[in-house]
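Q: Supplied in structure tokens, the structure appears directly below.
The values are calculated or read from the model by the stated rules, or taken from the named source; none is laboratory data. All values reported here derive from a predicted model rather than from experimental measurement. Cβ placement follows ideal geometry from the backbone for every residue including glycine, while neighbour counts extend to all protein chains displayed. Only protein heavy atoms, including side chains, enter the accessible area calculation; ligands, DNA and RNA are left aside. Shrake-Rupley method; radii C 1.70, N 1.55, O 1.52, S 1.80 Å.
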Amino acid sequence: MIASSQKHWSGDVAELLRAGDDFVLADVDTRATPGYGEDKDQAAEDLAAGAAELDEYQERLFARSRVDATNAAVLLVLQAMDSAGKGGIIRHVVGSVDPQGVALTAFKKPTPEELEHDFLWRVERRLPEPGYIGVFDRSHYEDVLIGRVRSLAPPDEIERRYGAINEFEQRVADSGTRIVKVMLHISHGEQRDRLMERLERPDKHWKYNPGDVDERELWPKYMAAYQTVFERTSTDHAPWYVVPADRKWYARLAVQHLLLEALEDIDPQWPLATFDVEAEKKRLAAS
């Protein structure tokens, strides 16, 4: 069962997008819209309807955590090549809920203090509290992606990290946090077009980084690194979902759907009043 706003989806969307045992990243059509047969205009309507439901679910989750001793939370992990649309997901999907209940972390290059600790140290400190939707804009997976591609750590250390990540995410899931790991997958050509748009529009120059072109030259290595990530860390307690992202409208709708599924699985209910409602009505009316 999924939220009523998602009526235009077909099949088990999570399974369609999940990186399972036989998943091959190279086989993904980045312009495809798995499970969704409608057009961009209908998608805009569905995204708006889903936003209202996502907002209510988030408020119920937050309200419940303020009253009951619940550990329930949601963690959205966003990974992608540059310009794949992580910012759009944060603005148009996560941004539709009350910001009081959202904990956003954009992981950058580790600081000297962070480098003194294990790579998961800084990540664990930013896990969402009960009642929150946590969002990682990039994450601990940078340590086995760019870390591998750029040889920022020895091969045996990169190898160790896959197991450390699985153990870490198992603990997080066991604590009551639903983990939704999403890779927004765009094509090499689509990335070029999006980066070119940033260069052609003065209002987008601030988003352009010359280093993005350097990273493009390593595209095959990054795709191989992602493939290994899916093979080693897509687990039952924290599966990976690969979302075709050449069509921004589809990617936003798909991530919203995955979040709604996670929240519906938690099924947070409005907390019951801890006082006599009728008595309080009388007191308030007489005041």
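Q: Could you calculate the FRET efficiency of ASP193 with ARG160 from 1/(1 + (r/R0)^6), where r is the beta carbon distance between them and R0 is 41 Å, rounded to 0.05?
A: 0.60
Q: Per residue, how much accessible surface does the chain expose to a 1.4 Å probe? Answer in Å², no decimals.
A: 51
Q: Between ARG31, ARG125, ARG60, where does the largest GNM mean-square fluctuation fall for the chain, given springs only between Cα atoms within less than 10 Å?
A: Of ARG31, ARG125, ARG60, the most mobile in the Gaussian network model is ARG125.
Q: Right, another one. Which of these, GLY147, GLY211, GLY37, has the largest mean-square fluctuation under a Gaussian network model of the chain (Cα springs below 10 Å)?
A: Greatest mean-square fluctuation among the candidates belongs to GLY211.
Q: Could you work out the pair-distance distribution P(r) of the chain from its alpha-carbon pairs, with 5 angstrom bin width and percents rounded to whole numbers?
A: Cα pair-distance distribution for the chain, in percent: 1, 5, 11, 15, 17, 16, 13, 9, 5, 2, 2, 1, 1, 0, 0.
Q: May I ask you to list the residues of the range 140-162 whose amide nitrogen lies under 18 Å from a point 7 Å from Cα along the Cα→beta-carbon direction of MET223?
A: 145-146, 149-150
Q: On a full-extension model of 0.36 nm per residue, what is the gain between ASP21 and LYS7, subtracting their alpha-carbon distance, rounded to one decimal in nm?
A: On the way: separation 14, 0.36 × 14 = 5.04 nm, distance 2.85 nm.
The ASP21-LYS7 span can extend by a further 2.2 nm.
Q: Something else about it: Do the sum for the chain: with -39,500 (n - 2.57) for every DSSP H run of n ≥ 4, divided by all residues, what is the mean residue ellipticity at 222 nm, to the nearest 500 deg cm²/dmol?
A: Working: 12 runs with 139 residues, N = 287.
Per the formula, -15000 deg cm²/dmol.
Q: Could you tally the net charge around ARG216, taking each other residue with its Cβ under 9 Å from the Cβ of ARG216, Lys/Arg +1 and Asp/Glu -1? Intermediate results must be reported in sequence, preceding the final value.
A: Values: positive: ARG192; negative: ASP82, ASP212, ASP214, GLU215, GLU217.
Net charge in that neighbourhood comes out at -4.
Q: Longer than 24 Å from Cα to Cα, which of LYS7/LYS248; LYS7/LYS204; LYS86/LYS109; LYS109/LYS181; LYS7/LYS207; LYS181/LYS204 are they? Say none if no pair is.
A: LYS7/LYS204; LYS7/LYS207; LYS181/LYS204
Q: Suppose every Lys and Arg Cβ carries +1 and every Asp and Glu Cβ carries -1, with no other charges. What dipole size does the range 99-236 come out with about its Cα centre, to the nearest 20 debye?
A: In total the dipole reaches around 360 debye.
Q: Please report, to two decimal places, log10 I(q)/I(0) for the range 106-233 at q = 0.17, 0.22 Å⁻¹ as given by the Debye formula with identical point scatterers on the Cα atoms and no solvent.
A: The computed values of log10 I(q)/I(0) come out as -1.06, -1.42.
Q: Whole-Å semi-axes of the range 1-138's equivalent ellipsoid, largest first, each the root of 5 times a Cα gyration tensor eigenvalue?
A: 28, 23, 14
Q: When DSSP assigns beta bridges and you keep just the ones with both residues in the chain, what percent turn out antiparallel, to the nearest 5? It would help to have the intermediate numbers written out before the result.
A: Working: 2 of 25 bridges.
Among the beta bridges of the chain, antiparallel pairing accounts for roughly 10 percent.
Q: Which loop trypsin sites (Lys or Arg not before Pro) in the range 64-120, with loop taken from DSSP, have no more than 12 other Cβ atoms within 10 angstrom of their Cβ? Don't skip to the answer; put the middle values down first.
A: Values: sites: ARG64, ARG66, LYS86, ARG91, LYS108; in loops: LYS108.
Counting only loop positions with at most 12 other Cβ atoms within 10 Å, the trypsin sites (Lys or Arg not before Pro) in the range 64-120 are LYS108.
Q: Between beta-carbons, use under 13 Å as the cut-off and find the net charge around PHE275, counting Lys and Arg +1, Asp and Glu -1. Let's see the in-between values first.
A: Working: positive: LYS281, LYS282, ARG283; negative: ASP276, GLU278, GLU280.
Local charge sum for PHE275: 0.
Q: So, one more: How much of the accessible area of the chain, probe 1.4 Å, is carbon plus sulfur, in whole percent?
A: 49
Q: Here's another thing I want to ask about it. FRET efficiency for ALA44 and ASP265, Cβ-Cβ distance as r, R0 = 30 Å, nearest 0.05?
A: Numbers: r = 26 Å, r/R0 = 0.87.
Efficiency at R0 = 30 Å is approximately 0.70.
Q: Specify the residue with the greatest mean-square fluctuation among THR274, THR177, THR30, computed from a Gaussian network of the chain linking alpha-carbon atoms under 10 Å apart.
A: THR274
Q: Report the charge-dipole magnitude of the chain in Debye, nearest 20, computed about the Cα centre from +1 at each Lys and Arg Cβ and -1 at each Asp and Glu Cβ.
A: Using Cβ point charges on Lys, Arg, Asp and Glu, the chain gives about 780 debye.
Q: Please report the spacing between the Cα centers of the range 28-87 and the range 216-258 in Å, no decimals.
A: 15
Q: Considering Cα pairs under 8 angstrom that are at least six residues apart, work out the relative contact order of the chain and quote it in whole percent. Spell out each step's value before the answer.
A: On the way: 393 pairs, mean separation 92.9, N = 287.
Value for the chain: 32 percent.
Q: Summing Lys, Arg as +1 and Asp, Glu as -1, what charge do residues with Cβ under 10 Å from the Cβ of ARG31 carry, ARG31 excluded?
A: Overall, the nearby charge balance is -2.
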